[in-house]
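Here, each number is a calculation from the coordinates, and none is a lab measurement. Note that this is a predicted model, so its numbers are computed, not measured. With ideal geometry, Cβ positions are generated from the backbone for all residues, glycine too; neighbour counts draw on all protein chains shown.
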Ligand SMILES: Nc1ncnc2c1ncn2[C@@H]1O[C@H](COP(=O)(O)OP(=O)(O)OP(=O)(O)O)[C@@H](O)[C@H]1O
Ligand SMILES: [Mg+2]
């Protein structure tokens, strides 16, 4: 649904985007992650046919950005990172204005507007002035606007930026809803954890270069190759337990985690199931107080991948 090949944008000497090659299949939700100035907005504006690349190829729904801009705009919805709303316009008027621009006419227009308002949960604000909406509501209205013409592909540039935690959760729920509808979505963010559970693929971009492209699981694997467990035994015997664990062949290393009163046990390469740790401890007379696989901190994964490249 989206395909780019060596897509490059230069501003003077600066590569805002360098040789971007990626592919989104139908139904993909692609998290496009990178720090400020990485090239996320540049990419989306090129795909939305609002900006010409310096060179390289890109197609959206099979249409070329060079020759079929009109067709692309019909089949794609682009929500920019910042968009203005007009003063003195009610929410419903705002949507009808854009629906008219999309040539949705007659009774279908009002119906469509009401429908997208319901989808983004703003039905109760239909007669409010757009300028009276909160930031989160304005973002949702912006999303409603790009859904009017029922696009197959959505380009959403940081839809959750500036939202409070609750509004972020709502935005995520909304994206999941769109995913269920079968839309192909490219969504950008600064932070990986925010997108990890709604995306089936992610791309990490830094200074115009795509440094990772794949599933969230493969990103985790790239950074953390070994499984880690947190273990604690009763009666302050962690230090003793440590001696037993350390000598096992399937254990790579054991570290103290004083703030959690437990041990951090890293399994040897290729060992994934830590159940043998339980057997070992029980066999040696220890009583287990805590035993769990350490959760992966996605922020660490992000840092690991970006560091791996820059170093
Ligand atoms: N019109 C322009 N003229 C010159 N340089 C530009 C222009 N637009 C963008 N750039 C540069 O291109 C690079 C990529 O910018 P871009 O806006 O795509 O980043 P971004 O990933 O969207 O960042 P952010 O997270 O801050 O939104 C930056 O170094 C930026 O300064
Ligand atoms: Mg941006």
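Quick notes on this structure:
- Segment 64-111-segment 256-287 distance, computed between alpha-carbon centres (Å): 57 Å
- The chain - percent relative contact order, Cα under 8 Å, separation 6 or more: 19 percent
- Estimated Rh, segment 1-73: Kirkwood, alpha-carbon pairs, angstrom: 12.5 Å
- Cα gyration tensor category, rounded, prolate or oblate, for segment 108-188 with a/c compared to 1.5: oblate
- Geometric extent, Cα atoms of segment 226-295 - Rg, Dmax (angstrom): 10.7, 32
- Computed over the alpha carbons of segment 118-269, Rg followed by Dmax gives 22.7, 70 Å.
- Mean shadow area of segment 74-117 over all directions, Cα convex hull, nm²: 3.6 nm²
- Stretch gain in nm, segment residue 6-residue 303, where the contour uses 0.36 nm per residue and the Cα spacing is subtracted: 104.4 nm
- Highest-fluctuation residue, 172, 109, 287 considered, GNM on the chain with Cα pairs under 10 Å: 287
- Taking every Cα-Cα distance in segment 1-149 and sorting them into 5 Å bins from zero, the calculated P(r) comes out as 2, 9, 16, 18, 16, 14, 12, 8, 4, 1, 0 percent.
- Value of relative contact order over segment 226-295, rounded to a whole percent, pairs C-alpha under 8 Å and six or more apart: 48 percent
- Crossing angle, helix 135-147 versus the chain [Cα axis fit, 0-90 degrees, rounded to tens]: 60 degrees
- Diffusion constant of the chain at 20 °C, which comes from Stokes-Einstein with the Kirkwood Cα-pair radius and 1.002 mPa s, µm²/s: 97 µm²/s
- With contacts taken as Cα pairs under 8 Å and at least 6 residues apart, segment 85-130 reaches a relative contact order of 62 percent.
- Scoring 250-257, 32-39 by mean Cβ neighbours within 10 Å over their residues and listing the highest first yields 32-39, 250-257.
- Once both labels are positioned 7 Å from their Cα atoms along Cα-to-Cβ, the gap between residue 90 and residue 190 label points is 3.8 nm.
- Three-way shape label, segment 190-311, alpha-carbon gyration tensor, a/c 1.5: prolate
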